[in-house]
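Peer 1: Take this structure, written in structure tokens, and hold onto it; I'll ask about it next.
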Amino acid sequence: MQWLLNLPVALWRRLLLIGQGLLGLLVLIGTGLGALFASGGTLADRLKAALTAPASLRRAFAVARLFAPNLVLKTKIITAYDNDGTAFVARRADVIDVLSRDADFGVVYGTRMETITGGENFFLGMQDTPRYTRDVSNMRLAVRRDDVPAVVAPFMAATAEALVAAAPGTIDVPQMLSLPANARLLDHYFGTPGPSQAEIIDWTTTLFQYLFLDLKADPVFDAKAEKTAAAFRAWMDSHIAARKAEGGTRDDILGRCLVMQAGGLPGMSDRDIRNNLIGLLIGELPTTSAAANLALDELLDRPDALAGACAAAGAGDDDLVAAHIFEALRFRPLNPVVYRRAMRDATIAEGRVRARRIKKGTMVMASNLSAMFDPLAISSPNSFRTDRPWETYILWGTGLHACFGAYLNRANLPAILKPLLAKRNLRRAAGPAGQLDNAGSPFPVHFHVAFDQ
Ligand code: HEM
């Protein structure tokens with residue numbers, strides 16, 4: 001009987017799926033035509049800018065959810081990792097299914113992880129093996145959840161507060177807040193500052209790009225990444241040696257790793273510690289900085305949401321500040337897809353009309369962005385709401401390889417942005433300076449905002 005009562009809701013959700021898909025298609029056509037007849041730049045550049053804008057991406061996935069929820073193409077979009085074609089997965093149920101079927105859909109990053117470490121894999125590049133469990137467990141003993149309220153959140157809050165206080169009414173957010181705050185965390189909490197702030201930012205950013213975003217394996221960039229990795233390894237080796245020689249008991253992540261090594265824990269040789277820390281640092285710095293800027297950019301585009309976030313920051317309501325930031329990131333997640341490669345022939349959405357057979361070797365782009373807007377699973381997906389259950393969000397993956405830093409992210413992103421949001425009359429700086437500027441890289445390098453002192 002209950003299924004009968006659920007029927008109106010199910011019907012309404014289907015209608016939304018159809019409406020979003022059709023409307024998305026119409027608006028995308030309009031956007032394309034607008035770019036066609038606009039002036040400035042080449043047509044290709046105008047089209048690319050218009051159709052890859054965040055709102056266009058969301059519309060494209062709305063169209064995919066309706067017309068081609070599991071789209072299989074022969075085209076190889078990623079060439080940095082071996083594959084025989086590409087599939088896009090757009091419905092939430094299928095995205096979560098793909099990311100939880102590790103035997104069918106495996107991670108691909110192993111080869112590049114090995115280049116970075118000079119031979120060994122790092123756990124994000126491993127399949128679900130005993131070695132994976134060993135390494136991730138070791139690192140979880142060092143990076144403890146208890147640290148978030150006790151060490152990380154207070155440190156980030158104080159650091160961000162000081163960085164914003166040092167800015168006289170205008171601030172270049174990546175350069176003066178989000179990058180230095182994260183670099184300081186690598187020093188204070190991880191015990192791995194790098195030779196300088198500039199170098200640790202450059203190294204982690206370059207290697208993140210190499211692993212996840214250098215999709216076409218650009219040889220010039222790859223040569224730079226290999227040089228960077230060698231410098232990172234050499235510095236980390238000498239730093240570990242220096243810390244061991246110091247013989248101290250500093251209670252940071254490196255210090256804890258050395259204590260675990262002294263206790264004879266398997267998988268904690270100097271080289272293991274080096275490789276694990278390099279992996280964690282690449283995961284930590286560029287991602288957290290970029291996500292903070294994307295969330296802020298999205299809030300600045302939404303006057304009501306910005307007013308809500310600023311009021312919450314002014315009132316010291318940390319939960320509400322966080323709710324605004326994570327909802328902003330739903331619209332602008334750092335990564336709109338998580339990719340996997342089919343380890344064997346497999347079927348997505350078995351038994352459904354949308355079922356697709358995926359051949360072994362196919363790269364599968366599971367869209368977390370699309371999953372967070374799927375009207376079949378998410379209530380009023382296009383509205384900006386701060387009362388969504390946390391489970392709505394897939395901001396840093398899901399399943400076996402869900403982000404190691406998930407708890408850090410939930411504390412760090414609000415801590416970084418809160419002192420800015422608490423400023424009166426927070427706004428974009430005038431002109432191009434007030435827009436995100438990636439300066440040719442995949443991440444925000446400049447982004448000026450202004451506020452009343
Ligand atoms: C807002 C910031 C961050 C974002 C957006 C982010 C994003 C992600 C995503 C999407 C994944 C899943 C990758 C996949 O399944 O293919 C992931 C995994 C991972 N992240 Fe993060 N991340 C962030 C911060 C961090 C931090 C702070 C750390 C380190 C402390 C970190 C370390 C890792 C590691 C080690 C994995 C692999 C986990 C595993 O294989 O079990 N990330 N992250």
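Peer 1: For segment 320-331, indicate whether the set of residues that are away from the ligand (no atom under 16 Å from the Cβ), in a helix (DSSP H, G or I) and touching a helix residue (DSSP H, G or I) at 6+ places or on another chain (Cβ under 7 Å) is non-empty.
Peer 2: Checking segment 320-331: at least one residue is away from the ligand (no atom under 16 Å from the Cβ), in a helix (DSSP H, G or I) and touching a helix residue (DSSP H, G or I) at 6+ places or on another chain (Cβ under 7 Å).
Peer 1: Follow-up question, since we're still on this one. Which condition breaks for A166 when tested against (1) in contact with a Pro (Cβ under 6 Å, 6 or more places away or on another chain); (2) open to solvent by 50 Å² or more (accessible area, probe 1.4 Å); (3) hydrophobic (A, V, I, L, M, F, W, C)?
Peer 2: It is condition (1) that A166 fails.
Peer 1: Scanning segment 412-444 for residues that are assigned to a helix (DSSP H, G or I) and open to solvent by 20 Å² or more (accessible area, probe 1.4 Å), which turns out farthest from the ligand (Cβ to nearest atom)?
Peer 2: Applying the filter and picking the extreme gives G431.
Peer 1: Sticking with this structure for a sec: Among the residues of segment 217-257, how many are assigned to a loop (DSSP other than H, G, I, E, B) and among the polar types (S, T, N, Q)?
Peer 2: Matching residues across segment 217-257 total 1.
Peer 1: Return the residues of segment 125-151 that are near the ligand (Cβ under 10 Å from one of its atoms), buried (at least 16 other Cβ atoms within 10 Å of the Cβ) and in a helix (DSSP H, G or I); say none if nothing qualifies.
Peer 2: Matches in segment 125-151: G125, Y132, D135, V136, M139.
Peer 1: Any idea which of (1) away from the ligand (no atom under 12 Å from the Cβ); (2) in a helix (DSSP H, G or I) is the one G119 doesn't satisfy?
Peer 2: Every listed condition holds for G119 apart from (2).
Peer 1: Could you identify the single residue in D318, D301 that is more than 30 Å from I200 (Cα to Cα) and either open to solvent by 10 Å² or more (accessible area, probe 1.4 Å) or without any contact (Cβ under 8 Å) to a residue 12 or more places away in the chain (or both)?
Peer 2: D301
Peer 1: Residues of segment 283-297 being hydroxyl-bearing (S, T, Y) and either open to solvent by 20 Å² or more (accessible area, probe 1.4 Å) or away from the ligand (no atom under 14 Å from the Cβ) (or both), which ones?
Peer 2: T287
Peer 1: Just one of R330, R341 is open to solvent by less than 10 Å² (accessible area, probe 1.4 Å) and assigned by TED's automatic domain parsing to the domain that holds L215; which is it?
Peer 2: R330
Peer 1: Right, next: Would it be correct to say that D437 is acidic (D, E), closer than 25 Å to V89 by Cα and within 20 Å of the chain's Cα centre (by Cα)?
Peer 2: Criteria not met by D437.
Peer 1: To continue, here is another question. Answer with yes or no whether A53 is of a type outside the set (V, I, T) and crowded, with 18+ Cβ neighbours inside 10 Å.
Peer 2: no
Peer 1: Follow-up question, since we're still on this one. Count, please, the residues in segment 179-204 that happen to be in a helix (DSSP H, G or I) and not hydrophobic (A, V, I, L, M, F, W, C).
Peer 2: Qualifying residue count for the region: 9.
Peer 1: While we're here: Within segment 339-385, which strands (runs of 3 or more DSSP E) (wholly inside it) include 3 or more residues that are more than 15 Å from the ligand (Cβ to nearest atom) and modelled with pLDDT of 95 or more?
Peer 2: Of the strands (runs of 3 or more DSSP E) lying wholly inside segment 339-385, those with at least 3 residues that are more than 15 Å from the ligand (Cβ to nearest atom) and modelled with pLDDT of 95 or more span 346-348, 356-358.
Peer 1: Could you list, in sequence order, all residues of segment 234-258 that are farther than 17 Å from S196 by Cβ and touching a residue at least 40 places away in the same chain (Cβ under 8 Å)?
Peer 2: Listed by number, the residues that qualify are R243, R250, D252, I253, L254, G255, R256, C257.
Peer 1: Within segment 260-282, can you find the residues that are small (G, A, S) and surrounded by fewer than 22 Cβ atoms within 10 Å (Cβ to Cβ)?
Peer 2: A262, G263, G264, G267, S269
Peer 1: Taking the condition of being assigned to a loop (DSSP other than H, G, I, E, B) and more than 8 Å from the ligand (Cβ to nearest atom), how many residues in segment 386-397 meet it?
Peer 2: Summing the residues that are assigned to a loop (DSSP other than H, G, I, E, B) and more than 8 Å from the ligand (Cβ to nearest atom) in segment 386-397 gives 6.
Peer 1: Follow-up question, since we're still on this one. Quick one: in segment 385-434, which of the residues that are of a type in the set (V, I, T) and under 15 Å from the mean Cα position of the chain (by Cα) is farthest from F105 (Cα to Cα)?
Peer 2: The extreme case among them is I394.
Peer 1: Right, here's the next one. Out of (1) outside any loop (DSSP other than H, G, I, E, B); (2) closer than 30 Å to G191 by Cβ; (3) not basic (K, R), what's the single condition that is false for M268?
Peer 2: (1)
The values are calculated or read from the model by the stated rules, or taken from the named source; none is laboratory data. Keep in mind the model is a prediction, meaning the values are calculated, not measured. Don't worry about glycine lacking a Cβ; one is built from the backbone with ideal geometry, like all the others, and counts go over all protein chains shown. Surface accessibility is based on the protein's heavy atoms, side chains included, excluding ligands, DNA and RNA. Shrake-Rupley method; radii C 1.70, N 1.55, O 1.52, S 1.80 Å.
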